[in-house]
Each structure stands twice: as structure tokens, then as C-alpha cells.
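Below is one structure; the comments refer to it alone.
Just so you know, all these numbers are worked out from the coordinates, no wet-lab data involved. Worth saying up front: this structure is predicted, and the values here are computed from it rather than measured. Every residue, glycine among them, receives a Cβ derived from its backbone with ideal geometry; neighbour counts consider all protein chains shown.
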Amino acid sequence: MFLIGHAAVGATIVQFAGIENPALAFGVGWLSHYVADFVPHGDEPVGKWTEGPHGLRRLLAIVALDGILLLLALGAVFARRGFSWAVLAASAGACVPDVLWGLEKLAGRKLFGPHGAFHFRNHNYFHVNLPLGVGLALQGAVTALLFWRLAAV
Ligand SMILES: [Zn+2]
């Protein structure tokens, strides 16, 4: 799942739970990542695309685009309903597991002990392989809906 999708899920949970404390929101956002990873995303081919000789460059390009879209979505939410440390913290927390994974990929070795194995055990737990187009469309639609809802409150 893309960072923007994880951020949408984490921020939505925090908002609906009425969590205002940024530290708690960060933790809830972080935990939401592992739960969201159980849901089939259909973007597994993107993960495979980031392997191989040009994989790192591709990964950085995807992360840059994903991050820019996330910042634009958060900017739209804050422009509409006002700035919220809790929403920002939940969004950042929801990205942490993938950031840790990315740092290990950049370093080319384990940096965070068993975290990588724990993180990837949840990925596509049910082994449902959606076609990439369907996965991206579903993930994009759910993400857009969640950000629209976040902005509407
Ligand atoms: Zn993940």
C-alpha cells in the first residue's frame, strides 16, 4: 500500500476516535499500518518493480511522487478544516513501517532487528492477488474517499 493510503487510514482512525494528542495519534497511525497491510492492496507488482538493477531509482521516484501527493492531500485537508497536529502525526506514524523498510533497503542490510519480518508477515496475509490496475484503482478510490471525509469534518 502506498504511503498516502496508509496516511489516509491512520488519520481517519484518529479523527473518528477523537484523538487530539499528537503522540497518541502518531502511535495509533503507526499501528494502523500493520492492520491496513492485512488488506490485499494489489500493488505487489510495484514492489517487484523496485527490485533489480534500477530498483532503487524506481523506488525513490515512487516515494517522491507518493510523498508529494500525500503532502498535497494533507494541504487540502488543512486548508479546508484547519491545521491538526493529530492528523499530521497520525499520517506520519502510518508511514513509519515503510520508512524503516526503505532505510533498510537503502542501507542494504537489517537495521531494525525483526521489524522487517514482522512487517512483511502481514503483507497480503490472505494471498489475494488483485491485478495491478484493480488494486491501484481500489486503493486510489479508498484513499480519495478517506481524504475527502477528513476534509469534510
Ligand atoms: Zn506496510
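Computed from Cα atoms, the angle from the helix 3-17 axis to the main principal axis of the chain rounds to 40 degrees.
With neighbours defined as other Cβ atoms within 10 Å of a residue's Cβ, the residues 4, 68, 19 order from fewest to most as 68, 19, 4. What does the C-alpha gyration tensor say about the overall shape of the chain? Classify as rounded when a/c is under 1.5, otherwise prolate if a/b is larger than b/c, or oblate. Since a/c reaches 1.5 and a/b is larger than b/c, the shape of the chain is classed as prolate. Ordering 151, 56, 114 by the projection of their Cα atoms onto the charge dipole of the range 3-152, which places +1 on the Cβ of Lys and Arg and -1 on the Cβ of Asp and Glu, puts 56 at the extreme positive end.
The charge dipole of the chain, taken about its Cα centre with unit charges on the Cβ atoms of Lys, Arg (+1), Asp and Glu (-1) only, comes to about 160 debye.
Which of 50, 143, 12 moves most in a GNM of the chain, Cα contacts under 10 Å? Highest fluctuation among the options: 50. Using C-alpha pairs under 8 Å with a sequence gap of at least 6, the mean separation divided by the residue count of the range 3-152 gives a relative contact order of 45 percent.
Comparing 141, 117, 36 in a Gaussian network model of the chain (Cα springs below 10 Å), the most mobile by mean-square fluctuation is 117. What is the range 1-59 by shape, rounded, prolate or oblate, if you read a ≥ b ≥ c off the alpha carbon gyration tensor as root eigenvalues and call it rounded for a/c under 1.5, prolate for a/b larger than b/c, and oblate otherwise? Prolate shape, in that a/c is at least 1.5 and a/b is the bigger ratio.
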